[in-house]
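Notes for the one structure printed next.
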Amino acid sequence: MFDPKYLQYLGNNNGIDVFSYNGLRINAMVSAEQDGRYLYVGMGQNIPEQILRGILSWFGIDMRRYFEVRKFFDNSRFFVQKQAA
């Protein structure tokens, strides 16, 4: 189960906010595009579904709405969702 007390803010690196959750690095950013704002949340490894859902919810990814997942060869991945108006 996700527990926000284990979430630490590590700083900002070129516009990307960097966090740690029990040693798991999480990158988060919002970008402004012509068709709206998008939220990006990336992490470097697979984590249990219950914790993943909590992390994504905490950062603002609404899993009831459409979002994309992009996976990479090293098992890292990021989630992208257009923010509601």
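At a glance:
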read-out: Flag for Tyr21 being of a type in the set (Phe, Trp, Tyr) and either open to solvent by less than 50 Å² (accessible area, probe 1.4 Å) or under 22 Å from Gln83 (Cα atoms) (or both); value: yes
read-out: Single condition Asn75 does not satisfy, out of (1) of a type outside the set (Gly, Ala, Ser); (2) assigned to a loop (DSSP other than H, G, I, E, B); (3) surrounded by fewer than 10 Cβ atoms within 10 Å (Cβ to Cβ); value: (3)
read-out: Residue, surrounded by the most Cβ atoms within 10 Å (Cβ to Cβ), within region 48-66, restricted to residues that are in contact with a Leu (Cβ under 8 Å, 6 or more places away or on another chain) and without any contact (Cβ under 8 Å) to a residue 24 or more places away in the chain; value: Ile61
read-out: Hits in region 45-62 (condition: at pLDDT below 90, assigned to a loop (DSSP other than H, G, I, E, B) and more than 15 Å from Asn27 (Cβ to Cβ)); value: Asn46, Pro48
read-out: Residue check for Arg37: closer than 20 Å to Met1 by Cβ and open to solvent by 90 Å² or more (accessible area, probe 1.4 Å); value: no
read-out: Which numbered condition Gly11 fails, given (1) at pLDDT 90 or above; (2) open to solvent by less than 30 Å² (accessible area, probe 1.4 Å); (3) within 12 Å of the chain's Cα centre (by Cα); value: (3)
read-out: Failed item in (1) open to solvent by less than 70 Å² (accessible area, probe 1.4 Å); (2) in a loop (DSSP other than H, G, I, E, B), with Met1 passing the rest; value: (1)
read-out: Flag for Met29 being assigned to a strand (DSSP E or B) and open to solvent by less than 70 Å² (accessible area, probe 1.4 Å); value: yes
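The values are calculated or read from the model by the stated rules, or taken from the named source; none is laboratory data. For clarity, every value in this text was computed on a predicted model and none was experimentally measured. Every residue, glycine as well, gets a Cβ built from its backbone with ideal geometry; the counts of neighbours run over all protein chains shown. Ligands, DNA and RNA are excluded from the accessible area calculation, which covers all protein heavy atoms including side chains. Shrake-Rupley method; radii C 1.70, N 1.55, O 1.52, S 1.80 Å.
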